[in-house]
Amino acid sequence: MSGAGEVALTDAREGAVVPVAARPNGRRDAIVGVRAGALLVETRAAPEAGAANEAIRRVLAAALGVPRGAVTLTAGGASRRKRFRIEGGESGAIAARLRACAAEAG
């Protein structure tokens, strides 16, 4: 796992906001660790026309067991540092699930 630590979630109404450090043009679509309070997500997609953002949204939805529509990019569309809003869960449960995914990656 890269830069072990906690993901710095922000509580949101009926969910949480997750900071993400994107790694486009990678070998796989997966959560690969935590870096500086952000969830490190690698994707095979290129950072063109929103393809990497959509791939990250799919990775987060699958990891958290929520529909893709429950995951929304709220900041950082053209940056490697992003924020995704996750709806449909309590922030503590979302944090626990992300910790488990990051631990599996390490």
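Any read-out appearing in this document is the output of simple, stated calculations on the displayed coordinates, not a laboratory observation. As the structure is a prediction and not an experimental result, all values here were calculated from the model. Cβ coordinates were reconstructed from backbone atoms using ideal geometry, including for glycine residues, and neighbour counts include every protein chain displayed.
Structure above, values below:
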| item | result |
| --- | --- |
| Only one of Ile86, Ile94, Ile56 that is closer than 16 Å to Ala12 by Cα and in contact with a Ser or Thr (Cβ under 9 Å, 6 or more places away or on another chain) | Ile86 |
| Residue in region 1-47 that is farthest from Leu64 (Cα to Cα), counting only those that are in a strand (DSSP E or B) and of a type in the set (Ser, Thr, Tyr) | Ser2 |
| Those residues of region 59-79 which are small (Gly, Ala, Ser), farther than 16 Å from Thr10 by Cα and not in a helix (DSSP H, G or I), in sequence order | Gly65, Gly77, Ala78, Ser79 |
